[in-house]
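Here is the structure we will look at.
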Amino acid sequence: MHEAGEVNIPFGPQHPALKEPESFLISLRGEKITAMSVRLGYNHRGIEKACEERTYTQDLYLVERICGICSHSHSTCFVQAVEEIVGIELPARAKYIRTLIGELERIHSHLLWLGVAGHEIGFDTLLMYTWRDREVVMDLLAKLTGNRVNYGINSIGGVRRDISPAQKEETLRAMDLLQERTKYYISLAKDETTLIKRLSGVGVLSNEDAKRLGAVGPTGRASGLKRDVRKDDPYAAYAELDFKVVTSNECDVYGRTLVRLGELMQSYSMVRQVIEKIPDGPIAVKVPRKIPAGEAVSRYEAPRGEDFHYVRSNGTEKPDRVKVRAPTLANIQVVSKMLENRYLADMPIVVAAIDPCFSCTDRLIAVYDSGKKAKNTLVWESLRIKGIKWYKKQGVDFAPLNKKLTQLL
Amino acid sequence: MRRPGKISKQIIQSLFKKPATINYPAIRSGMPEGFRGKLKFHPEKCIGCKLCMRDCPSGAIEIRQIGEKQFEARIDLGKCIYCGQCVDSCLKKALEITAEFELARLTPDELKVIFNAQTKDNSSK
Amino acid sequence: MLKALFHILIFPGFLFLFIFGLVAEYVDRKLYARFQNRVGPPWFQPLADFIKLATKEEIIPEEADAAVFKLIPLCALTATITAMLYIPVWSATAVFHFNGDIIVVLYLLTIPTLCYFLGGWYSRSVYSMIGAIRSLTQLFAYEVPFFLCILAPALLADTWSISEMVVFYNKHLGYWFCNLLGFAVAIISLLGKLEKVPFDIPEAETEIVAGPFTEYGGRFLAFLKMTLNIEMVVGASLLAAVFLPFGLNLKPAALFVFYLIQVFFIIALISFLRTIFARLRLDQMINFCWKYLAPLAFLQVLINLILKIMLPR
């Protein structure tokens, strides 16, 4: 303890509240938070670099595994960018199937979030109930696509699997069951006193702050921002579906809960519309292995917000550059703002309320030279040489190994 | 109407319902058909074009020639991501996906499975 | 002398409480699981947990005060076991009883909370220090309603001994209805004492890892968990003796079974309350306790005082 009763407590990278590693350093006075700093990068796996060394077909599966919960979002966003470079038009049935899987993924993600939010405030019963209902969606997805997460349903030029009439029946039945359960959770969110006490007034983000800091997804929509990529910039089959963008004026975690519950109800209606309107036809078109040179940008409304992919091709089988900007990167900056002058007990639920997915977030390394107070981005070679020099100062010499490696390459 | 303990009715009802969890591994519910599990290779159909090797995202499958027009497939179950791209890429439908998913083994060597082009399937278990 | 040792070590002392604590933990966890539509642990799970913890390595942090660190679990355990000796189990009178033992039992039940505070404070880790402070702050919230509610029936019975209180309520069976309000408030305050949801703020897993118990492991954690279980049993026994109709002039064996049923009923109530609430924040809890629980407890005392004057002896 130093500085007249102020404690610095590390929240992460390992902490029971965080599902993925992330470092927050909080300064506390008693129970009140006085300052907070965020540090990202614990889940960096070098995916953007790995994409450049694999063909487009292999990249489909790699990009899908950026995140377990929004896997279809990343895969579809990537494939849409590639299809835009090639300039093909998808068959309508493929668009509808992609929309169906996307909405089922949104249902799965929001039910998961409800459970996690319940767990963070100590309400384990809500966790058990929502995750039991989530099993309905996961079994359905296993029947439709072949896997419970990381569906692998996309291929460049369409989808890989078709949907049979029996599966359509099952989907409709599952939607009926889930709609009834979600109505119960909405009534619970409106009536349960302890839940409302823990969730309202916590993590307040005003409309102006949300616009200024660039909050996306349900985090922004709960502060009154009416932004949804499905309405603003429709892709796949969303232009032909009828749905509302759910916003709330509560501006706190309670508002985010209500927004996500509202989105669940909208998703059920959208899935029903897709099953009704899906046209017959082929499910994929053939695309050559070598993608012509060009670049494209595509956006997708992942369950957490706006997902953004940039792909540049140079006429070969492998992409030249792939860049991913996940929604959590846009939302992480609002956490510090939301926790000003709040209690330590609010910390887990506020972090959970932006629905963090740190696996999506950690993409880029910027090297900050604290000696010269300058930032610069390094390429692969210079980063290796810098690393070798740094270790030499610590007494470990990698120079002979480096020579061997350059001889091999 | 705001009141604490609204969930009590559901809780009492749950006491008399069957539990939603099952006692695995005593009771196995299995996976639906069409689930992407372990690969199966039909050596008699393979022509050795190696398209599956080109398209595999993790380099898990290796096709080797062991005789005149006879090929064997070596699959590393540890590297395989069970995406099924090789099944789609194969021109002769020599690869097939089964729903077997309980593939844990105690050593990494046991995970390397070989499908031979002999009359008996020589897959090590 | 031998009889006293038997009472302290075997029944209703250490061995009986140890086994009863394990059974009570099993009942609590199984009910909690069934309420949540899950299967729940098998019957030997608490014993397996205890044996596993007892065989693991203990790590004492370098900055922690080793003597206090090691003593605290034993102090807490001893206090709760001692409290059990004054609570009637198989007959209307307890093993030891004297006028004023209800106050002694209440103080003995406060000692574990102080021990958790000291253990957390002397562990010198940030999480345990915050947990320790929360534990003590929570003490100020639930202690007053709890004390008042336990003392209210004693006022009506005109005695400060639990055993004589039980004898009094056996003679005038209708009187225990007057204490129902106190029973409700006492159960909620007991949730605070046992640090269960909605009052499990000192041990909030998602905020401060494990609160005062963060640095404990191995044998010490086994003893601490045993203390928590035994505290639940002793608290439930105290409530059963004070509020529920006890004794009814039955033979010792039948009375013992009746006592078991009552304790399990209170434990089931605790499990039920644990399932339906979310965890409150510390300031919200103090607000709630002083705004609602304390006035209700005062009301119960007032009711009992008025009844004492009005009713025939």
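The values are calculated or read from the model by the stated rules, or taken from the named source; none is laboratory data. Quantities reported herein were computed from a predicted structural model and do not represent experimental measurements. Using ideal geometry, Cβ is built from the backbone for each residue, glycine included, and neighbour counts are taken over all protein chains shown. Protein only, heavy atoms only, side chains kept; ligands, DNA and RNA dropped before computing areas. Shrake-Rupley method; radii C 1.70, N 1.55, O 1.52, S 1.80 Å.
Structure notes:
- Under the combined filter of DSSP loop state and at most 13 neighbouring Cβ atoms within 10 Å, segment A:9-91 retains these GluC sites (Glu not before Pro): A:53, A:89.
- The solvent-accessible area of residue C:124, taken with every protein chain present and a 1.4 Å probe, is close to 110 Å².
- Taking only protein heavy atoms and a 1.4 Å probe, the accessible area of the protein assembly as shown is 60% carbon and sulfur.
- A Cβ-based charge dipole, computed about the Cα centre of chain A with Lys and Arg at +1 and Asp and Glu at -1, lands at about 1300 debye.
- Partners of residue C:308 within straight-line reach, counting lysines whose Cα lies under 21 Å from its Cα and excluding those fewer than 8 residues away in the same chain: C:171.
- Normalised contact order of chain A, rounded percent, pairs of Cα under 8 Å and 6 or more residues apart: 22 percent
- Heavy atoms of residue A:44: accessible area, 1.4 Å probe, square angstrom to 10: 70 Å²
- Annotation: per residue accessible area for the protein assembly as shown equals 44 Å², rounded to a whole number [probe 1.4 Å, protein chains only].
- Rounded if a/c under 1.5, otherwise prolate or oblate - chain A, Cα gyration tensor axes: oblate
- Inter-chain Cβ neighbour count for A:26-37, averaged per residue, equals 1 (cutoff 10 Å, partner chain atoms only).
- For residue B:38, the accessible surface of its heavy atoms amounts to roughly 20 Å² (probe 1.4 Å, protein chains only, rounded to the nearest 10).
- Between helix C:45-54 and chain C: long-axis angle, C-alpha atoms, 0 to 90°, nearest 10: 50 degrees
- For the peptides A:167-180, C:257-270, residues were scored by their other Cβ atoms within 10 Å and the scores averaged per peptide; the highest-first order is C:257-270, A:167-180.
- Nearest 10 degrees, 0 to 90: helix C:126-157 Cα axis against chain C principal axis: 10 degrees
- Sequence of C:277, C:35 when ordered by accessible area, the most exposed leading, probe 1.4 angstrom: C:277, C:35
- Interface residues in segment A:116-146 - accessible area drops by 50 Å² or more relative to the isolated chain, probe 1.4 Å: A:122, A:123, A:125, A:128, A:129, A:132
- Cα-Cα over 21 Å, subset of A:95/A:323; A:95/B:38; B:40/B:112; C:52/C:225; A:404/B:79; A:318/B:112: A:95/A:323; A:95/B:38; A:404/B:79; A:318/B:112
- Residue-averaged beta-carbon neighbours from other chains (10 angstrom radius) around B:62-72: 0
- With a 10 Å cut-off around each Cβ of A:334-344, the average count of Cβ atoms from other chains is 1.
- Heavy-atom accessible area with a 1.4 Å probe sorts C:123, A:187, largest first, into A:187, C:123.
- Buried accessible area, chains B and C (both chains, 1.4 Å probe, Å² to nearest 100): 1100 Å²
- Of interest is the spacing of the C-alpha centroids, which for segment A:215-242 and segment C:138-202 amounts to 55 Å.
- Helix C:66-84 vs. chain C, principal-axis angle (Cα, 0 to 90°, nearest 10): 20 degrees
- For the listed residue pairs A:290/B:50; A:190/A:211; A:286/B:93, the alpha carbons are over 20 angstrom apart in A:190/A:211.
- Distance from segment A:324-355 to segment B:27-47 (C-alpha centre basis), Å: 43 Å
- Chain B: Cys lacking any partner C-beta under 4.7 angstrom: B:46, B:49, B:56, B:80, B:83, B:90
- Prolate/oblate/rounded label for the protein assembly as shown (Cα gyration tensor, a/c 1.5): prolate
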